[in-house]
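**Q** Structure provided below as structure tokens; questions to follow.
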Amino acid sequence: MTLTTPPEPAAADLVDNNQKPVGYGRMLRKEDPRFIRGLGRYVDDVQLPGMLHMAILRSPVAHARIVNVDTTAAEALPKVKAVITGETLKGLGLDWMPTLSGDVQAVLATDKVRFQGQEVAAVVAEDRYTARDALELIDIDYDILDPVHDVRKALEPSAPVIRDDLDGKTDNHIFDWETGDKAATDAVFAEADVVVTQDMVYPRVHPAPMETCGAVADFDRVDGKLTLWSTSQAPHAHRTLYAIVAGIPEHKIRVISPDIGGGFGNKVPIYPGYVCAVVGSIVTGKPVKWMEDRTENLTSTGFARDYVMRGEIAATRDGRILAIRSNVLADHGAFNGVAAPVKYPAGFFGVFTGSYQLEAAHCSMTAVYTNKAPGGVAYACSFRITEAVYFVERLVNCLAAELGMDQIALRRKNFIQPDQFPYTTKTGWVYDSGDYDAAMTEAMRIADYDGLLAEQAAKRDRGELMGIGVAFFTEAVGAGPRKDMDILGLGMADGCDVRVHPTGKAVVRLSVQSQGQGHETTYAQIVAEELGIAPDDIDVVHGDTDNTPFGLGTYGSRSTPVSGAAAAMAARKIRDKAKLIASGMLEVSVADLEWQKGSFGVKGDPGTSVTIAEIAMAAHGAGDLPPGVEGGLDASVVYNPANLTYPFGAYICVVDIDPDTAVVKVRRFVAVDDCGTRINPMIIEGQVHGGLTDGVGMALMEVIEFDESGNCLNGSLMDYLIPTALEVPHWETGYTVTPSPHHPIGAKGVGESATVGSPPAVVNAVIDALAPYGIRHADMPLTPSRVWEAMQGRARPP
Ligand code: MCN
Ligand code: CUN
């Protein structure tokens, strides 16, 4: 089924939220009146009577054996209520917990510390200050060990073994993974006219959401119920894991994710702090609050990327891409805590074949432990598609440079064509729909690509460094299907309940959880479009396991592809039932009724109809309903997607580089995105603007680095640079609409598209600017010193 997109209102024409009924369109966000007035309710806003505060003692070193832990002085400090150590947890069987990738992670270290910032002990006290002060009184005797933080050295025989807790482990190897056809790929490479090889690093970066991670745990000793407010992107999945790990019956656990100040994948894992807060509440019998500070967030929670990649691309002399080969060393830190469907240990990196028709492709990957914080899947990564897209889009530009071909012409020559969809890639992904050339053409039009080329030629003649960078991406978002995708055995489907009240207002309950994406608005719009109820009359409830149906949560831009579909299907079920009730009300057969967006009318009798509100009242009313129809107007759906959705986009970035200071200025950025049917164009643009800002940040300034001793060098926002309005240009966005054929409303995800697509566009632009120096590649972040280094020893253009 393919639906066409309703025409969009003009950009300036913001829809009046009270206009009724309205479906898709630039509706103002329902959540903003509380956010812009500072009335959001975040975890740290939760205040409970008698609440205690927890602080966590973290390892000052990257690798050390714990010889002794002395907590006597801390326990003696007035107002301290409990000191929790790994040994305390051991008594409860909670010193280690499973990670989302089936590894185990220390909750509080007992044997060794394995990265700087690792959790070692927790103090619960009457106030936050006392808890922090008490940390200083805990005396830990460490026997320092050599650390390894460079993934390239972690497999050397002399490297220290980080995970000696694992039975028989004598090295730092985690897994080998491969995809594609090695023999076929090797054969194509052997015959190819041109082969280009490029090493590249996607450095470790951090999502750094405005709100750090935290929790308030409240264990009720009388009824044995645990209520946990936490910064979670996946409240239901977390609840199930707490039940399994802590042995608390699942119906006695309520996880509430209130307003979340940005997630970006940082809030998918379960962190030791959450578990310690729960233990703190059980031990003291009081509610316990824990909130990280910025340094804790940057140094100890889920990082992103950290892939060392070698790429090879084979082509004909005239620019037909034949095959791509990739070899990756993946740094997973000290515990394999990657959040990805279990069958995909490398996430969706398999889409490194990009948007191109290939004859063969192969990837081999090795993942290793290092003395760094765990994580790996975060920061709008679409499950490692960020790495894959950067990889292929840099490689294509390296090939363009080798062939002396225009970067857009090379891409267009190799695009998968509209009539080839559904297209099965050489690594087995089935792209659902696409019209890549249309998006590329639109980006060229907005950018005036020919004009840019002419401008660049003129500037080069004058010795000025202007670069044009192009990137084209295809993403795979919307995990499930559940038969292929699960996390620790939980299938990746999502539920939605819709209930229409007697007066025709409605409530939509979702298993996904917004961290700023505007779900309260867009889900209301989906149901509004299906039922003809005004979106302001539809309340969206999420982030509370006691009040929403089960599902796996928000990440991998899966909310629209999975829960968006569930919402539309639930609304359609309601419409089907409403039709039966309407036939009774109007005393006509169902076949004689037609839907008129908000009411059922009798075909050929324009005067006779009943509105959805009238039907809702009848559904709850005193009169008889047609035989077999139950009272009420509710529906539930658990949506198991048939496939992922494959949004795509064409990005063009223009940079200027000061040849004397090597400072890169992003002057223009054109982004054309195709996410199928567009529910709320304003929200989509917001998502794209945010993602482009992320991309400029990663390309030019963001990195988490370590010194030789394994000390993290970017533990504050003074050292971890994130872009501000000064570093980004005015974004120029456009769109095309290619609906997903299997999604009920044709929508594809968009939340991570721009973060995925923009870094290669910026880097391609910088390298293009440096082309007169004969530079083909430099690794992110392209800080002035990196760019300056790359320029050294090379002749300056005349
Ligand atoms: N949307 C739309 N039409 C479409 C697709 C999406 O109007 N065709 C709207 C959706 O209805 C939703 C928003 O755009 O309101 C994002 O939808 P979707 O692409 O489904 O992504 P999710 O809702 O699943 O959000 C997750 C995604 C991820 S994985 C990261 S990381 C990220 C991102 O969202 N984190 C964010 N964007 C973020 N934005 C904010 N403000 N904060 C974060 O933490
Ligand atoms: Cu990978 S970051 Mo988002 O999927 O939550």
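The values are calculated or read from the model by the stated rules, or taken from the named source; none is laboratory data. The structure displayed is predicted, hence computed values, not measured ones. Backbone-built Cβ (ideal geometry, glycine too); neighbour counts: all protein chains shown.
**Q** Report, by residue number, each residue of the range 511-541 that is of a type in the set (A, V, I, L, M) and more than 16 Å from ligand 2 (Cβ to nearest atom).
**A** ALA524, ILE526, VAL527, ALA528, LEU531, ILE533, ALA534, ILE538, VAL540, VAL541
**Q** Of the residues VAL245, VAL216, VAL283, which single one is at pLDDT 95 or above, more than 15 Å from ligand 2 (Cβ to nearest atom) and surrounded by fewer than 24 Cβ atoms within 10 Å (Cβ to Cβ)?
**A** Step by step, each of VAL245, VAL216, VAL283 is checked, and only VAL283 is at pLDDT 95 or above, more than 15 Å from ligand 2 (Cβ to nearest atom) and surrounded by fewer than 24 Cβ atoms within 10 Å (Cβ to Cβ).
**Q** Take the range 559-574 and flag every residue that is touching a strand residue (DSSP E or B) at 6+ places or on another chain (Cβ under 6 Å) and either within 17 Å of VAL688 (Cβ to Cβ) or near ligand 1 (Cβ under 10 Å from one of its atoms) (or both).
**A** THR560, PRO561, VAL562, SER563, GLY564, ALA567
**Q** Which condition does THR295 not pass, out of (1) under 25 Å from PHE473 (Cα atoms); (2) more than 16 Å from ligand 2 (Cβ to nearest atom), if it passes all the others?
**A** Only one criterion in (1) under 25 Å from PHE473 (Cα atoms); (2) more than 16 Å from ligand 2 (Cβ to nearest atom) is unmet by THR295, namely (1).
**Q** From GLY265, GLY261, GLY273, which residue is at positive phi and either of a type outside the set (Lys, Arg) or within 16 Å of ligand 2 (Cβ to nearest atom) (or both)?
**A** Only one candidate passes the filter, namely GLY265.
**Q** Which members of the range 301-314 meet the condition of being within 26 Å of the chain's Cα centre (by Cα) and either farther than 30 Å from VAL392 by Cα or among the acidic types (Asp, Glu) (or both)?
**A** Correct list: ASP306 only.
**Q** Could you give me the residue pairs with C-beta distances under 8 Å whose first residue belongs to the range 47-62 and is more than 30 Å from GLY710 (Cβ to Cβ), whose second residue is among the β-branched types (Val, Ile, Thr) and not in a loop (DSSP other than H, G, I, E, B) wherever it lies, and which are 6+ apart or on separate chains?
**A** LEU48/VAL216; MET51/VAL216; MET51/VAL288; LEU52/VAL124; LEU52/THR284; LEU52/VAL288
Each row is one residue, and each column tells you yes or no for (1) more than 16 Å from ligand 1 (Cβ to nearest atom); (2) out of contact with any helix residue (DSSP H, G or I) (no Cβ under 8 Å at 6 or more places or on another chain); (3) among the polar types (S, T, N, Q); (4) not in a loop (DSSP other than H, G, I, E, B).
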position	(1), (2), (3), (4)
SER364	yes, no, yes, yes
ALA367	yes, yes, no, yes
THR370	yes, yes, yes, no
ALA380	no, no, no, no
THR386	no, no, yes, yes
VAL389	no, no, no, yes
GLU393	yes, no, no, yes
CYS398	yes, yes, no, yes
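**Q** Cβ-Cβ below 7 Å, separation at least six or inter-chain, first residue in the range 725-753 and under 22 Å from CYS381 (Cα atoms) and within 16 Å of ligand 2 (Cβ to nearest atom), second part of a loop (DSSP other than H, G, I, E, B) and of a type in the set (Ser, Thr, Tyr): which pairs?
**A** Within 7 Å, the pairs are LYS748/TYR646; LYS748/SER740; GLY749/SER557; VAL750/SER557; GLY751/SER557; GLU752/SER382; GLU752/SER557.
**Q** Take the conditions among the charged types (D, E, K, R) and under 17 Å from VAL205 (Cβ atoms) and apply them to ASP331. Does it pass?
**A** Against the criterion (among the charged types (D, E, K, R) and under 17 Å from VAL205 (Cβ atoms)), ASP331 qualifies.
**Q** Just to verify a result, which residue in the range 328-351, among those that are small (Gly, Ala, Ser) and assigned to a loop (DSSP other than H, G, I, E, B), is farthest from the chain's Cα centre (by Cα)?
**A** My answer is ALA334.
**Q** Also, I was wondering about something else. Residues in the range 182-202 that are in contact with a Pro (Cβ under 9 Å, 6 or more places away or on another chain) and away from ligand 2 (no atom under 16 Å from the Cβ): how many?
**A** 0
**Q** Just one of ASN297, ASN266 is assigned to a loop (DSSP other than H, G, I, E, B) and within 16 Å of ligand 1 (Cβ to nearest atom); which is it?
**A** Step by step, each of ASN297, ASN266 is checked, and only ASN266 is assigned to a loop (DSSP other than H, G, I, E, B) and within 16 Å of ligand 1 (Cβ to nearest atom).
**Q** Can I ask one more? Being polar (S, T, N, Q) and crowded, with 22+ Cβ neighbours inside 10 Å is the filter; apply it to the range 87-110 and report the residue that is modelled with the highest pLDDT.
**A** Going through the qualifying residues, I end up with GLN105.
**Q** Considering each residue of the range 681-713, count those that are out of contact with any helix residue (DSSP H, G or I) (no Cβ under 6 Å at 6 or more places or on another chain), closer than 26 Å to THR370 by Cβ and within 16 Å of ligand 2 (Cβ to nearest atom), and give that number.
**A** 3
**Q** Filter the range 569-592 down to residues that are under 16 Å from GLU530 (Cβ atoms) and crowded, with 22+ Cβ neighbours inside 10 Å and give me whichever is farthest from ligand 2 (Cβ to nearest atom).
**A** Result: ALA582.
**Q** Right, another one. Filtering the range 64-86 down to residues that are under 25 Å from LYS286 (Cα atoms) and of a type in the set (A, V, I, L, M, F, W, C), which residue is surrounded by the fewest Cβ atoms within 10 Å (Cβ to Cβ)?
**A** ALA76
**Q** So for the range 728-747 (the condition being at positive phi and buried (at least 21 other Cβ atoms within 10 Å of the Cβ)), does at least one residue qualify?
**A** yes
**Q** Another one. Restricting attention to the range 645-684, and to residues there that are assigned to a loop (DSSP other than H, G, I, E, B) and within 16 Å of ligand 1 (Cβ to nearest atom), which single residue is nearest to PRO772 (Cα to Cα)?
**A** That would be PRO647.
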